[in-house]
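For reference, the structure discussed in these notes is given below.
The values are calculated or read from the model by the stated rules, or taken from the named source; none is laboratory data. All of these numbers come straight from a predicted model, not from anything done at the bench. Here the Cβ is made from the backbone with ideal geometry for all residues, glycine too, and neighbour counts use every protein chain on show. When the accessible area is computed, the model is the full protein with side chains, heavy atoms only, and any ligands, DNA or RNA have been set aside. Shrake-Rupley method; radii C 1.70, N 1.55, O 1.52, S 1.80 Å.
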Amino acid sequence: MPTLCANRDCSFPRWMTVTLVAAGIYNLAFGLWTICWPHLWFDWSGMERSRYPELWQSVGMIVGVFGIGYLIAASNPIRHWPIVLVGLLGKILGPLGFAKAIYVGALPLSSAWIIITNDLIWWLPFAAILWKTAQAKVGKPITREEPYTTEEAAEVYQLSTGETLAEASKEQTVVLVFLRHFGCTFTRQILRGLQDLKAEAEANNARLVLVHMLQHGDEQDYLASAQSSPIPRIADPNCELYRAFGLGKGGLFELFGPRVWLRGALSLFKGCGVGHLAGDGLQMPGAFLYRDGAIRSAQPARTASDLPDLPKLFNQSKADGSRIDESGPNRVVI
């Protein structure tokens, strides 16, 4: 389910509410159990009863208070994400302390069952809620429940030269390079080789166009040192053109997988550096050949570190049956 946001309120799937209601009820029940029967856990785990049951009852009251917090958060998990975050931290740190107590012999292994129900089973759903929150808060929320088709988007979006993408693609094949945010080291790497990309496009009688996520004109500071001659751009602050071309938000592996870390280290070694977040930090990049209202060749990134490979993109187009008609300026014939 896509995350739709308006006036700081974001949509969220029903399973989030169900999860937090279940967590709230469980915590309240656990708190009531420890307050009313403070010796039961010790008896069931084969341990000596506590000499100070009031301490265990106090723990139960704290857990019960968290239950109230979860029930409040269930009304809007994305808005109340700090409650979920604090809860997850407690469910991670608690088992760590428990594991240490078992390791040093302060608690028997038979007592560890309580960690499963109190903490471990909640790790995945709580983490998923926080990840969904990150997608809504860090990424750009979508403004349309149904994405544009490529044809619709081409009629709506304009190049910095004033023509629409549809108009530009009638005159010549357009090489669309969709960038990640301008602070990304991989975007900086692309900008460093921008003139090479332009030369490759022109060698294939095509026109290079950059797509970015800032408001029109805000990209100038990032492109000033990268362009010896102007390259047309398309501003897509809502990432709807990205969606129209099938480019979505990256997951943990796509954004932070081993391949990304390795290539990121190489990029930093080359001096590309990293900057502040200037765009949607979750948005995936890609490159496409677009002509006469149709995608002729596609190169969606598998990870955030994937860079546009224009020779491969043009070869793919030719292998799929396209050829250049020499009778006109890059007339693509299928």
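Mind telling me which of the residues LEU130, LEU124, LEU93 ends up being open to solvent by 70 Å² or more (accessible area, probe 1.4 Å), under 30 Å from LEU247 (Cβ atoms) and modelled with pLDDT of 90 or more?
Values: LEU130 fails: open to solvent by 70 Å² or more (accessible area, probe 1.4 Å); LEU93 fails: under 30 Å from LEU247 (Cβ atoms).
Of the residues listed, the single one that is open to solvent by 70 Å² or more (accessible area, probe 1.4 Å), under 30 Å from LEU247 (Cβ atoms) and modelled with pLDDT of 90 or more is LEU124.
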> Just for region 273-292: of the residues that are in contact with a Ser or Thr (Cβ under 7 Å, 6 or more places away or on another chain) and open to solvent by 10 Å² or more (accessible area, probe 1.4 Å), which one is nearest to VAL175 (Cα to Cα)?
Replying inline: ASP292
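Output the residues belonging to region 164-190 that are closer than 19 Å to ASP221 by Cβ and aliphatic (A, V, I, L, M).
To start, the set of residues in region 164-190 that are closer than 19 Å to ASP221 by Cβ comprises 177, 179-190.
Passing the criteria: VAL177, LEU179, ILE190.
Would you confirm whether any residue within region 154-162 is under 30 Å from TRP15 (Cα atoms), touching a residue at least 12 places away in the same chain (Cβ under 8 Å) and either in contact with a helix residue (DSSP H, G or I) (Cβ under 6 Å, 6 or more places away or on another chain) or loosely packed, with under 14 Cβ neighbours inside 10 Å (or both)? Give the steps one after another, and end with the answer.
Going residue by residue through region 154-162, those that are under 30 Å from TRP15 (Cα atoms) are none.
Within region 154-162 (the criterion being under 30 Å from TRP15 (Cα atoms), touching a residue at least 12 places away in the same chain (Cβ under 8 Å) and either in contact with a helix residue (DSSP H, G or I) (Cβ under 6 Å, 6 or more places away or on another chain) or loosely packed, with under 14 Cβ neighbours inside 10 Å (or both)), the answer is no, since none of the residues qualifies.
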> Within region 43-64, can you find the residues that are part of a helix (DSSP H, G or I) and either open to solvent by 50 Å² or more (accessible area, probe 1.4 Å) or free of Cβ contacts under 8 Å to residues at least 12 places away in the same chain (or both)?
Replying inline: ASP43, TRP44, GLU54, LEU55, SER58, VAL59, MET61, ILE62
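Give me the residue from region 6-28 that is among the small types (Gly, Ala, Ser) and modelled with pLDDT of 95 or more and, out of that set, surrounded by the most Cβ atoms within 10 Å (Cβ to Cβ). Even if it seems obvious, please write down each step before you answer.
Let us first name the residues in region 6-28 that are among the small types (Gly, Ala, Ser), namely 6, 11, 22-24.
Now narrow it down to the ones that are modelled with pLDDT of 95 or more: 22-24.
Values: ALA22: 15, ALA23: 24, GLY24: 20.
Checked region 6-28; the qualifying residue surrounded by the most Cβ atoms within 10 Å (Cβ to Cβ) is ALA23.
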> For residues in region 217-234 being modelled with pLDDT of 85 or more and out of contact with any His (no Cβ under 7 Å at 6 or more places or on another chain), which is farthest from GLU202 (Cα to Cα)?
Replying inline: ILE234
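Please tell me if GLU200 is more than 20 Å from LEU266 (Cα to Cα), touching a helix residue (DSSP H, G or I) at 6+ places or on another chain (Cβ under 7 Å), open to solvent by 20 Å² or more (accessible area, probe 1.4 Å) and outside any strand (DSSP E or B).
Values: more than 20 Å from LEU266 (Cα to Cα): yes; touching a helix residue (DSSP H, G or I) at 6+ places or on another chain (Cβ under 7 Å): yes; open to solvent by 20 Å² or more (accessible area, probe 1.4 Å): yes; outside any strand (DSSP E or B): yes.
Against the criterion (more than 20 Å from LEU266 (Cα to Cα), touching a helix residue (DSSP H, G or I) at 6+ places or on another chain (Cβ under 7 Å), open to solvent by 20 Å² or more (accessible area, probe 1.4 Å) and outside any strand (DSSP E or B)), GLU200 qualifies.
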